[in-house]
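FYI, it's all coordinate maths here, none of it is from the lab. Bear in mind that the values here come from a model prediction, so they are computed numbers and not experimental data. Cβ placement follows ideal geometry from the backbone for every residue including glycine, while neighbour counts extend to all protein chains displayed.
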Amino acid sequence: MRAELLSIGTELLLGQIVDTNSAYLAGRLANQGIDLLYMSTVGDNLARATETVRRAAERSDLVVCTGGLGPTEDDLTREAIAAALGETPAVDPVLEAALEAWFAGRGGPMPDRNRKQAWLIPSARALPNPLGTAPGWDVRRGSARIIAMPGVPREMTRMWEVEVEPTLGEGSVLRSRTLKLLGIGESSVEEALDELVRSTAPTVATYAKNDGVHVRITDKGADAPSVMRRIERMDRTIRERIGQHVWGADDDTLGSVVGRALTDRGWRLAIAEAVTGGEIARALTETEGSAAWLAGAVVLPGADDRSLETWATQLGADVICIAPSGAAETSLLVRTPERDARRLTVRYRSASEGRRRATLAALDLIRRALVEP
């Protein structure tokens, strides 16, 4: 399926509003394994909006429009879709009654200008919008499908997730798995995977994220067991090549992985940080159930490894992690009851980069110390 996003509104072209809707929808389409080929923005001009919709419907299977569904004269998305398809909009009595009831429930009559929000064309069905007055449109015409949703992010998000996204895989099953990696860059991941990133069943895609590199495996088919078998085979193949860098999958966080490993061993962890300024502790305390396995943490700006280790030891935990200060590098340490202390040197060019890189490296070093032989 080839998809296209169309954002409608002059305020976007003027830079008065940041188009967060397109970023959100691009991610959701990617998660569905749908190829997003184009993203366009057009102002509140009927001729240009109509031409943009017409061009999109001719070259894409799915066109997703956001914005321009309000009641005012410059809200032109309905008019543009109708003109592009050569259809005439008319007030739908059911939508009109629902709008009148919405305004009556708020103590007033419906302004006449809101009546256009009850329009439909023959090829469209309405998408409910319980968070606002603008129903969406789901238009089917030949092989093309046009979705029109409000520009208000919370209204758009609810409409997409509840009314639209569940219908994208009609007649098929789509499944996805995301492997999460550290200690290797995105280009190196793609090089290691080589021909796998050109696979079409399942597809394999790499993404640089805040917690490392993600490798998403996505497949679609007639039944879930067959789809999952193909994903499992691809998962095994990827791990054979770069499994030493895989720290988790799907909803895993570094904190949750560390927490499970500590729980399995019945150990508690203590943290003493300088260069990371409390970021390691924050990542762990935000993990559900951390009170059971996190003995405590101290933040000592400017402290060296010896003083940090003394503080961590005094917290009385089985496992300690220290992150000493350093202008251009820091030497992290993790000590467990069963193994020699593990050290890792992290180099960086700025304080902010140092905090981020050292935090991720420290969490992964803890994980490795707990799960690796």
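Rounded to the nearest 20, the size of the Cβ-charge dipole of the chain about its Cα centre is 660 debye, with Lys and Arg at +1 and Asp and Glu at -1. This ranking places Lys209, Lys116 by how few other beta-carbon atoms lie within 10 Å of each, fewest first, which gives Lys209, Lys116.
Quick one, could you list the DSSP H helices from the chain stretching 15 Å or more along their long axis (Cα atoms) with average Kyte-Doolittle hydropathy of -0.5 or above?
On the way: long enough: 20-31 (17 Å, -0.14); 46-59 (20 Å, -0.80); 93-104 (16 Å, 1.03); 224-242 (26 Å, -0.91); 254-265 (17 Å, 0.25); 351-371 (30 Å, 0.07).
Helix filter hits for the chain: 20-31, 93-104, 254-265, 351-371.
Once the Cα-Cα distance is subtracted from the 0.36 nm per residue extended length, the Glu73 to Arg115 segment shows a gain of 13.9 nm. In the chain, the DSSP beta bridges split such that about 60 percent are antiparallel, to the nearest 5.
With a Förster radius of 41 Å applied to the beta-carbon distance between Ala327 and Leu14, the computed FRET efficiency rounds to 0.40. One chain, two ends: Asp250 and Arg55. Fully extended at 0.36 nm per residue, the span grows by 66.5 nm beyond their Cα-Cα distance.
Got the relative contact order for the chain handy, in percent, Cα pairs under 8 Å and 6 or more residues apart?
On the way: 704 pairs, mean separation 37.6, N = 373.
It comes to 10 percent, rounded to a whole number.
Between Thr263 and Phe103, the contour length at 0.36 nm per residue exceeds the alpha carbon distance by 52.2 nm. For a paramagnetic label modelled at 7 Å from the Cα of Arg154 toward its Cβ, which residues of the range 110-142 fall within the zone defined by backbone nitrogen distances under 11 Å? Taking a point 7 Å out along Cα→Cβ of Arg154, the residues of the range 110-142 whose backbone N falls under 11 Å are 131-132.
Taken about its Cα centre, the range 208-278 carries a charge dipole of about 220 debye when Lys and Arg each add +1 at the Cβ and Asp and Glu each add -1 at the Cβ. Using the rule -39500 (n - 2.57) for each DSSP H run of four or more residues, divided by the residues of the chain, the 222 nm mean residue ellipticity is -11000 deg cm²/dmol. If R0 equals 51 Å, the separation of the Cβ atoms of Ala201 and Gln314 corresponds to a calculated FRET efficiency of about 0.35. Its relative contact order, with pairs defined as Cα atoms under 8 Å and 6+ residues apart, puts the range 2-167 at 23 percent. Placing unit charges on each Cβ (+1 for Lys and Arg, -1 for Asp and Glu) gives the range 1-109 a dipole about its Cα centre, and among Thr52, Leu29, Phe103 the Cα reaching farthest toward its positive end belongs to Leu29. For Ser199, the residues 5 or more places off, or on other chains, whose built amide H falls under 5 Å of its own are Val204. Just to be sure I understand: of the beta bridges DSSP finds with both ends in the range 244-365, what percent are antiparallel, rounded to 5? Bridges in the range 244-365 that DSSP calls antiparallel: roughly 45 percent.
Applying a DSSP loop filter and a limit of 10 other Cβ atoms within 10 Å to the trypsin sites (Lys or Arg not before Pro) in the range 295-373 leaves Arg349. Between Ala292 and Asp223, the simple label model (points 7 Å from Cα in the Cβ direction) yields a spacing of 3.8 nm. Values (1) 147; (2) 190; (3) 122 are given for comparison; volume of the Cα convex hull per residue in Å³, derived from the coordinates here, is the one labelled (2).
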